[in-house]
Amino acid sequence: MKKITLSAILIVGVAFSAQAQINLGNAGKNIVSSATNSVGAGKLLTQLASGINPGSFTEKWASAKSGWLSKASKVTSAGTGGQLLSQLIGYIKPAAFNNNFVGKVSGLMNTAKTVTTMQGLGNTASTLVGGIKDQSFSSSFLNNKSTYLSALSMLK
């Protein structure tokens with residue numbers, strides 16, 4: 001009788017343990033989702049634009065900057081974010097890009113315009129960051145570049 005009772009307790013304990021692990025897995029997914037949403041695509045786009053040195057932009061950026069930043073801060077869809085990212089790329093001077101990246105700028109602008117997922121937006125923005133010379137970024141952006149790239153990779 002003791003063996004049956006002990007076995008029943010053990011089985012119930014294992015079942016509760018498995019259920020707790022499943023629930024913890026869902027909680028982990030929710031935490032990642034919440035972290036991604038709290039950062040948000042709009043915030044990441046404005047951080048990118050603000051992290052590029054002013055001298056790395058064309059003259060047209062000066063008149064477009066405040067409107068662009070305002071629109072970017074409100075981005076909630078991949079398509080809108082992609083359109084704004086494409087515009088941002090167009091405002092960056094060719095000299096701000098790595099030499100081997102200059103020929104890829106037009107293609108990246110087209111890719112950004114056709115983004116349909118937040119993950120695609122994050123990947124496109126990450127490619128842009130990788131194509132810009134380090135000296136074209138502010139020192140504070142460079143100090144946090146790896147963290148920024150990690151946040152981009154969390155966009156879903």
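With a/c under 1.5 counting as rounded, go ahead and sort the stretch 105-148 into rounded, prolate or oblate using the C-alpha gyration tensor (a ≥ b ≥ c being the square roots of the eigenvalues; past the cut-off, prolate if a/b is larger than b/c, else oblate).
Taking the square roots of the gyration eigenvalues as a ≥ b ≥ c, the stretch 105-148 is oblate.
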- request: Using Cα pairs closer than 8 Å and at least 6 residues apart in sequence, work out the relative contact order for the stretch 85-146, in percent.
  value: 41
Thr58-Lys93 pseudo-label distance in nm [points 7 Å out on the Cα-to-Cβ vector]: 1.3
field: Per-pair calculated FRET efficiency, R0 = 30 Å: Asn144 and Thr76 via Cβ, rounded to 0.05
entry: 0.80
field: Along principal axes, Cα extents of the stretch 40-154, largest first, whole Å
entry: 30, 30, 27
field: Ranked Met118, Met154, criterion: other C-beta atoms within 10 Å, fewest first
entry: Met154, Met118
- request: List, in order, the whole-Hz ³J(HN,Hα) value for each residue of the stretch 77-87 obtained from phi through the Karplus relation with A = 6.51, B = -1.76, C = 1.60 and θ = phi - 60°; use x for Gly and Pro.
  value: 10, 5, x, 5, x, x, 4, 5, 5, 4, 4
Positive-end extreme of charge dipole, the stretch 40-154 - chosen from Ser50, Thr76, Ile132 (charges on Cβ): Thr76
field: Stretch gain in nm, segment Thr116-Asp134, where the contour uses 0.36 nm per residue and the Cα spacing is subtracted
entry: 3.6 nm
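A short reminder: the numbers here are calculations on the coordinates, not readings from a lab. Because the structure is a prediction, the values reported are computed rather than measured. Every residue, glycine as well, gets a Cβ built from its backbone with ideal geometry; the counts of neighbours run over all protein chains shown.
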